[in-house]
2 protein chains.
Amino acid sequence: MNQRPPQYLKLKHHILRHITNGDWPPLSRVPSENELVSKFGISRMTVNRAMRELADAGMVTRTQGAGTFVAERKAESAMFEVRSIRDEIISRGQKHTVEILIRELVSARPVTARQFALPTGTELYHSRLLHRADDEPLQLEDRFVNPVCAPDYLEIDFYKEIPHQYLMRTAPLQRIEHAIEAEAASKRLARLLAVEPGSPLLTLTRRTWSHDHVASYVRLSYPAGKFRFVGAFNAGDFKTP
Amino acid sequence: MNQRPPQYLKLKHHILRHITNGDWPPLSRVPSENELVSKFGISRMTVNRAMRELADAGMVTRTQGAGTFVAERKAESAMFEVRSIRDEIISRGQKHTVEILIRELVSARPVTARQFALPTGTELYHSRLLHRADDEPLQLEDRFVNPVCAPDYLEIDFYKEIPHQYLMRTAPLQRIEHAIEAEAASKRLARLLAVEPGSPLLTLTRRTWSHDHVASYVRLSYPAGKFRFVGAFNAGDFKTP
DNA sequence: GGTACTAGATGGTATAGACAACTTTGGGTC
DNA sequence: GACCCAAAGTTGTCTATACCATCTAGTACC
């Protein structure tokens with residue numbers, strides 16, 4: 001009757017599949033424990049464990065008496081949140097403006113293609129935006145997007161919805177890879193960010209996965225002193241009453 | 001019989017207290033589920049839930065057939081791991097050397113005292129170490145330590161055990177706060193790290209908590225191009241079999 | 001001394017049932 | 001319509017039991 005993958009894991013994956021496929025959109029209702037009990041013929045304790053672990057992972061939210069619902073913000077749980085630069089600027093009380101420098105369809109160069117694990121020459125969307133806070137350049141965003149994961153990426157009105165928001169909405173995020181480093185500004189970057197050539201920049205490189213493909217590869221560059229990445233981590237629950 | 005805090009939480013906190021107090025050192029054995037069942041008069045399923053959640057949080061490790069044991073590496077679970085620079089260098093296949101520049105007891109200046117939430121003038125340990133990889137400066141480590149949390153900090157043989165290891169071993173880590181930024185090298189930093197003044201540095205600032213106090217405040221500076229922080233994050237389990 | 005096996009201990013999962021706490025809903029009353 | 005209240009639905013917790021998989025220690029054997 002019960003086979004190698006435990007029942008609670010099978011149920012977890014069943015739920016996850018519906019969520020990441022998109023047929024259970026954010027905020028929609030997940031079947032109640034008793035419904036799942038009768039549908040899958042497993043006990044309620046087992047269903048409860050599966051749902052509780054999904055809630056711990058932040059995929060669903062549960063409310064006693066109300067029900068279980070697909071969570072909206074999926075990937076923003078880990079430290080060094082993938083936060084929208086627009087939200088960042090606005091929450092500082094500054095004015096956010098964005099300038100579109102590039103928006104095109106390109107053939108992947110070897111170095112870029114390798115990031116996507118795709119053959120050289122594959123067509124990719126490419127955008128380059130400059131974000132300003134109170135009219136001062138804050139972030140230069142150079143982004144490549146896999147057309148398979150976001151077919152109408154070039155059609156977005158970047159002035160209304162920045163790429164980050166679009167991708168979060170469209171593609172169910174599976175994995176994120178970060179690298180943060182410091183570098184000296186090249187002449188081109190210095191000109192765009194209004195700093196001296198050779199002055200320090202803070203650069204975040206990020207790859208995201210969706211539907212088991214690399215969905216995007218982006219480089220975010222900030223002038224030193226104007227931005228920093230922060231995060232916190234708590235061990236266990238660590239309250240000792 | 002059962003009161004407001006659920007039984008499984010009471011048990012979790014009971015175990016956690018023994019671990020953070022230090023009377024159950026790392027790798028020591030935690031009572032088996034059946035022992036806890038008879039000791040606390042609760043059912044095994046409840047004990048199992050408590051222990052499973054502690055294992056998920058990384059506080060203990062469990063092995064079927066063997067038992068449950070206090071985990072050794074407590075805080076290295078979050079992304080942007082708190083990894084020892086020595087391990088980092090050695091795992092790159094380079095030679096690690098460390099030079100002790102400062103090792104002293106100081107009265108906290110206002111800006112430092114504020115980081116510790118302590119009054120100005122409180123005595124703190126201060127150390128400054130320079131780590132080299134294959135004789136090239138890689139990291140300058142400027143560290144303040146709360147004597148309450150690590151009384152014999154100044155007595156360590158930094159050549160054998162770098163501060164990071166000592167602190168991990170001594171103080172049960174409760175919380176970590178990070179900030180990563182880029183900066184231009186001051187003359188002093190440039191000289192120590194063997195770079196040009198004004199050239200880009202990557203700087204990590206970190207505070208750690210232990211026993212409900214700020215235990216340490218450290219600034220780690222790296223020459224640009226020689227180091228970067230990497231991390232990854234997976235949503236849910238996200239395998240969809 | 002070394003090796004192979006076995007019995008016991010331990011954690012991993014699952015069940016059926018129960019009660020409690022909480023939310024929503026619908027009906028009844030004013 | 002506005003309000004109150006009871007009923008139904010949902011999640012949170014807990015129990016007692018069961019069977020299985022794995023590891024350990026001790027024993028018997030060579």
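The values are calculated or read from the model by the stated rules, or taken from the named source; none is laboratory data. Quick caveat: nothing in here was measured; it's all calculated off a predicted structure. Positions of Cβ are generated from backbone atoms using ideal geometry, with glycine treated the same way; all protein chains shown enter the neighbour counts.
Out of (1) modelled with pLDDT of 80 or more; (2) surrounded by fewer than 21 Cβ atoms within 10 Å (Cβ to Cβ), what's the single condition that is false for residue B:201?
Condition (2) is where residue B:201 drops out.
Can you tell me which of (1) farther than 20 Å from residue A:177 by Cα; (2) surrounded by 14 or more Cβ atoms within 10 Å (Cβ to Cβ) is the one residue A:121 doesn't meet?
The one condition residue A:121 does not meet is (2).
Among what's in the range A:22-48 and is within 11 Å of DNA strand D (Cβ to nearest atom) and within 14 Å of chain B (Cβ to nearest Cβ), pick the residue that is surrounded by the most Cβ atoms within 10 Å (Cβ to Cβ).
Top of the filtered list is A:30.
Among B:51, B:59, which is the only one that is facing chain A (nearest Cβ under 8 Å), more than 12 Å from DNA strand D (Cβ to nearest atom), surrounded by 15 or more Cβ atoms within 10 Å (Cβ to Cβ) and not β-branched (Val, Ile, Thr)?
B:59 is the lone residue from the list that is facing chain A (nearest Cβ under 8 Å), more than 12 Å from DNA strand D (Cβ to nearest atom), surrounded by 15 or more Cβ atoms within 10 Å (Cβ to Cβ) and not β-branched (Val, Ile, Thr).
Which pairs turn up if I take residues in the range A:17-34 that are more than 20 Å from residue A:47 (Cβ to Cβ) and look for partners that are within 14 Å of DNA strand D (Cβ to nearest atom) with beta carbon separation below 7 Å, at least 6 apart in sequence or on another chain?
A:25/A:70; A:26/A:70; A:26/A:71; A:27/A:69; A:27/A:70
Report yes if residue B:156 is modelled with pLDDT under 90, more than 14 Å from chain A (Cβ to nearest Cβ) and within 21 Å of residue B:87 (Cα to Cα), otherwise no.
On the way: modelled with pLDDT under 90: yes; more than 14 Å from chain A (Cβ to nearest Cβ): yes; within 21 Å of residue B:87 (Cα to Cα): yes.
Spelling it out, residue B:156 is indeed modelled with pLDDT under 90, more than 14 Å from chain A (Cβ to nearest Cβ) and within 21 Å of residue B:87 (Cα to Cα).
Out of the range A:35-72, which residues are within 10 Å of DNA strand C (Cβ to nearest atom) and free of Cβ contacts under 8 Å to residues at least 24 places away in the same chain?
The answer is A:37, A:41, A:43, A:44, A:45, A:48, A:63, A:64, A:65, A:66.
Scan the range A:84-99 and give yes if some residue there is part of a loop (DSSP other than H, G, I, E, B) and in contact (Cβ under 8 Å) with a residue 60 or more places away in the chain, otherwise no. Explain how you work it out, then say what you get.
Let us first name the residues in the range A:84-99 that are part of a loop (DSSP other than H, G, I, E, B), namely A:84, A:92-95.
Those still in the list that are in contact (Cβ under 8 Å) with a residue 60 or more places away in the chain too: A:84.
Looking through the range A:84-99, at least one residue is part of a loop (DSSP other than H, G, I, E, B) and in contact (Cβ under 8 Å) with a residue 60 or more places away in the chain.
Can you name every residue in the range B:1-29 that is of a type in the set (S, T, N, Q) and either more than 16 Å from DNA strand C (Cβ to nearest atom) or modelled with pLDDT under 85 (or both)?
B:2, B:3, B:20, B:21
Determine, yes or no, whether residue B:112 is away from DNA strand D (no atom under 16 Å from the Cβ), over 30 Å from residue B:19 (Cβ atoms) and either within 18 Å of the chain's Cα centre (by Cα) or more than 14 Å from chain A (Cβ to nearest Cβ) (or both). Walk me through how you get there before you give the answer.
Numbers: away from DNA strand D (no atom under 16 Å from the Cβ): yes; over 30 Å from residue B:19 (Cβ atoms): yes; either within 18 Å of the chain's Cα centre (by Cα) or more than 14 Å from chain A (Cβ to nearest Cβ) (or both): yes.
Yes: the conditions hold for residue B:112.
Looking at the range B:210-226, is at least one residue within 27 Å of residue A:220 (Cβ to Cβ), surrounded by fewer than 21 Cβ atoms within 10 Å (Cβ to Cβ), touching a Lys or Arg at 6+ places or on another chain (Cβ under 8 Å) and at the interface with chain A (Cβ under 8 Å from one of its Cβ atoms)?
No, the conditions are met nowhere in the range B:210-226.
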